[in-house]
1. Select from segment 32-64 the residues that are of a type in the set (A, V, I, L, M, F, W, C) and under 10 Å from the mean Cα position of the chain (by Cα) and write down the one among them that is surrounded by the most Cβ atoms within 10 Å (Cβ to Cβ).
2. Determine, yes or no, whether LYS11 is surrounded by 12 or more Cβ atoms within 10 Å (Cβ to Cβ), basic (Lys, Arg) and either in contact with a Leu (Cβ under 9 Å, 6 or more places away or on another chain) or free of Cβ contacts under 8 Å to residues at least 40 places away in the same chain (or both).
3. Looking only at segment 57-84, which residues are at pLDDT 75 or above and hydroxyl-bearing (Ser, Thr, Tyr)?
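The values are calculated or read from the model by the stated rules, or taken from the named source; none is laboratory data. Source: prediction; values computed, not measured. Every residue, glycine among them, receives a Cβ derived from its backbone with ideal geometry; neighbour counts consider all protein chains shown.
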Amino acid sequence: MVQFVNIREFKTHTESVLKRLERSEVILTVRGRPTAALRRISERDLALEEGFTPEEWSKLEKLAKEPGKVYKTGAEFLKALKKL
């Protein structure tokens, strides 16, 4: 289900409009004309958009769940990622 939201409502009630994204896509309108579409995305969606494969993303999720682990450099992180 798609919901249409006037840009003024979006400006005044941004948080409530963004919560609607959990249920449906939101189309922003200006003077009654569709202008932009908002849809919910996840971190996984962003990673795939950046070129990560699903397998690489699964490895990243696994690393992120390591309790108390802190990587001081990008090289250290990449080394741990290659071990998976």
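1. Start the filter on segment 32-64 by keeping residues that are of a type in the set (A, V, I, L, M, F, W, C), which leaves 36-38, 41, 46-48, 52, 57, 60, 63-64.
After this cut, where a residue has to be under 10 Å from the mean Cα position of the chain (by Cα) as well, the list is 41, 46-47.
On the way: ILE41: 10, LEU46: 11, ALA47: 16.
Across segment 32-64, the extreme among qualifying residues is ALA47.
2. On the way: surrounded by 12 or more Cβ atoms within 10 Å (Cβ to Cβ): no; basic (Lys, Arg): yes; either in contact with a Leu (Cβ under 9 Å, 6 or more places away or on another chain) or free of Cβ contacts under 8 Å to residues at least 40 places away in the same chain (or both): yes.
In short, no.
3. Once the filter is applied, which keeps residues that are at pLDDT 75 or above and hydroxyl-bearing (Ser, Thr, Tyr), segment 57-84 yields only SER58.
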